[in-house]
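Peer 1: Have a look at this one.
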Amino acid sequence: MGFAKKEHEFLSAIGLAPENPGGFINGKWKASGPVISTVSPSNNQEIAKVTEVSMEEYEEGLRSCNDAAKTWKSLPAPKRGEIVRQIGDALREKLQHLGKLVSLEMGKILAEGIGEVQEVIDMCDFAVGLSRQLNGSIIPSERPDHMMFEVWNPLGIVGVITAFNFPCAVLGWNACIALVCGNCVVWKGAPTTPLVTIAVTKLIAEVLEKNNLPAAIFTAFCGGAEIGEAIAKDTRIPLVSFTGSSKVGAKVQQIVTERFGKCLLELSGNNALIVMDDADVGLAVRSIFFAAVGTAGQRCTTCRRLYLHESIYQNVLDKLVGLYNQVKIGDPLEEGTLVGPVHTKASRENFEKGISTIKSQGGKILTGGSVIESNGNFVQATIVEIASNASVVKEELFGPVLYVMKFKTLEEAIELNNSVPQGLSSSIFTSKPNTIFKWIGPHGSDCGIVNVNIPTNGAEIGGAFGGEKATGGGREAGSDSWKQYMRRSTCTINYGTELPLAQGINFG
Ligand code: UN1
């Protein structure tokens, strides 16, 4: 039997078939749960079939992963880095095909699909270097003939639950770091992007096999909430990294915390972009366009709130509406398309519901505002003029909808930026140094990502990625995020013959 469509034949080059078992368990592909059709968001037609895993298969996967953890953590960190280097090379070889798959199954445009795979490759490179820098500090001891220092050890297994909007980049952020830190990985990808989960896992599996390492070091499951919940509850998984909504994230955190596990949360964003009266308007308009419309508004870093200084309000808005009216919405794999469909029929319905709530709260649609009649999940890129205290502005509507609001002073703009429950990304456009330093300082943006003269989205992997408040507080990818994937041992060694006690205590 062939693929549902002839143009899907390229999938065989990345190890996919018309029917795919969706569990990689102890080196074998198997699954006996429900069979699902994965569809293209452009037309809702089947790409291929995937069988999800059963709870028995979950258990088998975890048992073998737990065994493999002993081997993996015994390998010196730079040797683990070498494996991750090979994973990066394997991805490089398949960059175009994998990028195309991301575009086909998720619905983002091809350039962004390829960019997403590139993000995983960049993470591999970062992690290879890191594998020689998992340094602990040496701390001066207050006691004579004592030495105090830190040793970083692996946690064991890291559970990674990712979302549909970045079906492989977020796995990359977590898995590359987790692996060099000496942890095995258990991955559950999004239920609607199983082919990406399978294709990426196949590449990693090949590298492990080539190096005669236990395949269960990387265990992957296609499945739904039941598998996610099992990961959250599983005491064999000391760290659970979860990406998704604040609502589900709060539940995951509760379950994981109850068993004293650690959580790394990357939840909803509601990101603002501020344009000051002294800003480079051309730069701002291009940035807003990418930040609000790119990925059809389905990045957690998407700009959803635009605050314009009253003196440039109409000028920026006119330019922006002009760009929106020209944007090419359509097949994400076709050249020239800038906006693909939203991911599912449910996302499209959510957009429609969102628009009616916006209208009921006095929002005025300046452009867009409707779904596009077709077999796919296409919606119009939308700009809404709305009062900054409308309650809908405080929520994350996961689509290409931008709220525009006016302000008079920097203080007012910062207060508005900080006035929502979420705290992921933020950006200000200005040419004044004192505005920049106010923005990044203690009285400035309360977000995890605080940008100047660039969009809210499109972060590089070298920095720590994540946000505050309802965004969950986690930091993934670069900088010193690796510390969360390890346990810290504070070691004090007495190499003398006396027993001086800390704090000068004399005990008998
Ligand atoms: C996400 O939307 O979950 O900063 C991740 C960005 C990308 C990652 C987004 N590098 O927009």
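Peer 1: Need the failing condition index for residue 299 against (1) assigned to a helix (DSSP H, G or I); (2) within 16 Å of the ligand (Cβ to nearest atom), just the number.
Peer 2: Result: residue 299 passes all but (1).
Peer 1: I need the full set of residues from segment 335-355 which are open to solvent by 20 Å² or more (accessible area, probe 1.4 Å), among the small types (Gly, Ala, Ser) and at negative phi, in order please.
Peer 2: 346, 347, listed by residue number.
Peer 1: Just for helices (runs of 4 or more DSSP H) wholly inside segment 18-122: which have at least 2 residues that are farther than 30 Å from residue 235 by Cα, open to solvent by 10 Å² or more (accessible area, probe 1.4 Å) and free of Cβ contacts under 8 Å to residues at least 40 places away in the same chain?
Peer 2: Per the criteria, 77-93, 95-106.
Peer 1: It is to be established whether one or more residues within segment 213-227 are touching a His at 6+ places or on another chain (Cβ under 7 Å), open to solvent by 10 Å² or more (accessible area, probe 1.4 Å) and in contact (Cβ under 8 Å) with a residue 40 or more places away in the chain.
Peer 2: Filtering segment 213-227 for residues touching a His at 6+ places or on another chain (Cβ under 7 Å) gives none.
Within segment 213-227 (the criterion being touching a His at 6+ places or on another chain (Cβ under 7 Å), open to solvent by 10 Å² or more (accessible area, probe 1.4 Å) and in contact (Cβ under 8 Å) with a residue 40 or more places away in the chain), the answer is no, since none of the residues qualifies.
Peer 1: While we're here: Across segment 459-475, what is the total count of residues that are buried (at least 18 other Cβ atoms within 10 Å of the Cβ) and within 11 Å of the ligand (Cβ to nearest atom)?
Peer 2: Residues flagged as buried (at least 18 other Cβ atoms within 10 Å of the Cβ) and within 11 Å of the ligand (Cβ to nearest atom) within segment 459-475 amount to 6.
Peer 1: Could you check residue 287 against (1) within 16 Å of the ligand (Cβ to nearest atom); (2) more than 26 Å from the chain's Cα centre (by Cα) and say which number it fails?
Peer 2: All conditions pass for residue 287, except number (2).
Peer 1: Looking at 258, 229 in this structure, which one is under 30 Å from residue 377 (Cα atoms), charged (D, E, K, R) and more than 16 Å from the ligand (Cβ to nearest atom)?
Peer 2: The unique qualifying residue is 229.
Peer 1: Determine, yes or no, whether residue 102 is aliphatic (A, V, I, L, M) and within 16 Å of the ligand (Cβ to nearest atom).
Peer 2: yes
Peer 1: Please state which of the following conditions residue 175 fails to meet, knowing it meets all the rest: (1) under 21 Å from the mean Cα position of the chain (by Cα); (2) surrounded by fewer than 19 Cβ atoms within 10 Å (Cβ to Cβ).
Peer 2: Looking at each condition in turn, residue 175 falls short on (2).
Peer 1: I would also like to ask the following. Can you tell me which residue among 396, 415 is over 25 Å from residue 122 (Cβ atoms), surrounded by 15 or more Cβ atoms within 10 Å (Cβ to Cβ), modelled with pLDDT of 95 or more and acidic (Asp, Glu)? Can you show your working first?
Peer 2: Values: 415 fails: surrounded by 15 or more Cβ atoms within 10 Å (Cβ to Cβ).
Answer to the check: 396.
Peer 1: Filter segment 476-494 down to the residues that are surrounded by 20 or more Cβ atoms within 10 Å (Cβ to Cβ) and either assigned to a loop (DSSP other than H, G, I, E, B) or away from the ligand (no atom under 16 Å from the Cβ) (or both) and list them by number. Please lay out each step first, then the result.
Peer 2: Quick first cut of segment 476-494, residues surrounded by 20 or more Cβ atoms within 10 Å (Cβ to Cβ) only: 476-478, 481-482, 484-486.
Scanning segment 476-494 gives 478, 482, 484, 485, 486.
Peer 1: Under 9 Å between Cβ atoms, at least 6 apart or on separate chains: pull out the pairs that start in segment 239-251 with a residue that is among the hydroxyl-bearing types (Ser, Thr, Tyr) and end on any residue that is open to solvent by less than 10 Å² (accessible area, probe 1.4 Å) and away from the ligand (no atom under 14 Å from the Cβ).
Peer 2: 241/158; 241/159; 241/178; 241/485
Condition check ((1) within 16 Å of the ligand (Cβ to nearest atom); (2) closer than 27 Å to residue 411 by Cβ) across all residues:
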residue: 295; (1), (2): yes, no
residue: 306; (1), (2): no, yes
residue: 309; (1), (2): no, yes
residue: 313; (1), (2): no, yes
residue: 317; (1), (2): no, yes
residue: 325; (1), (2): no, no
residue: 329; (1), (2): no, no
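Peer 1: Same structure again: Answer yes or no: is there a residue in segment 435-447 that is out of contact with any helix residue (DSSP H, G or I) (no Cβ under 9 Å at 6 or more places or on another chain), within 16 Å of the ligand (Cβ to nearest atom) and open to solvent by less than 20 Å² (accessible area, probe 1.4 Å).
Peer 2: No, the conditions are met nowhere in segment 435-447.
Peer 1: Sort out which residues of segment 302-334 are in a helix (DSSP H, G or I), open to solvent by 50 Å² or more (accessible area, probe 1.4 Å) and without any contact (Cβ under 8 Å) to a residue 24 or more places away in the chain, and write them in order of number.
Peer 2: 314, 318, 326
Peer 1: May I pose another question? Residue 429 passes all but one of (1) surrounded by fewer than 21 Cβ atoms within 10 Å (Cβ to Cβ); (2) away from the ligand (no atom under 16 Å from the Cβ); which number fails?
Peer 2: (1)
Peer 1: Looking at 497, 435, 471, which is the one that is among the β-branched types (Val, Ile, Thr), within 25 Å of residue 107 (Cβ to Cβ), modelled with pLDDT of 95 or more and not in a strand (DSSP E or B)?
Peer 2: 471
Peer 1: Output the residues belonging to segment 145-168 that are surrounded by 24 or more Cβ atoms within 10 Å (Cβ to Cβ), within 16 Å of the ligand (Cβ to nearest atom) and of a type in the set (A, V, I, L, M).
Peer 2: Passing the criteria: 160, 161.
Peer 1: For residue 384, work out the one condition from (1) in contact with a helix residue (DSSP H, G or I) (Cβ under 6 Å, 6 or more places away or on another chain); (2) over 20 Å from residue 285 (Cβ atoms); (3) not hydroxyl-bearing (Ser, Thr, Tyr) it doesn't fulfil.
Peer 2: Among (1) in contact with a helix residue (DSSP H, G or I) (Cβ under 6 Å, 6 or more places away or on another chain); (2) over 20 Å from residue 285 (Cβ atoms); (3) not hydroxyl-bearing (Ser, Thr, Tyr), residue 384 violates only (2).
Here's the yes/no breakdown for (1) part of a helix (DSSP H, G or I); (2) in contact (Cβ under 8 Å) with a residue 40 or more places away in the chain:
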position	(1), (2)
341	no, yes
347	yes, yes
366	no, yes
387	no, no
393	yes, yes
405	no, yes
413	yes, yes
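The values are calculated or read from the model by the stated rules, or taken from the named source; none is laboratory data. Computed from a predicted structure; not experimentally measured. Cβ coordinates were reconstructed from backbone atoms using ideal geometry, including for glycine residues, and neighbour counts include every protein chain displayed. Surface accessibility is based on the protein's heavy atoms, side chains included, excluding ligands, DNA and RNA. Shrake-Rupley method; radii C 1.70, N 1.55, O 1.52, S 1.80 Å.
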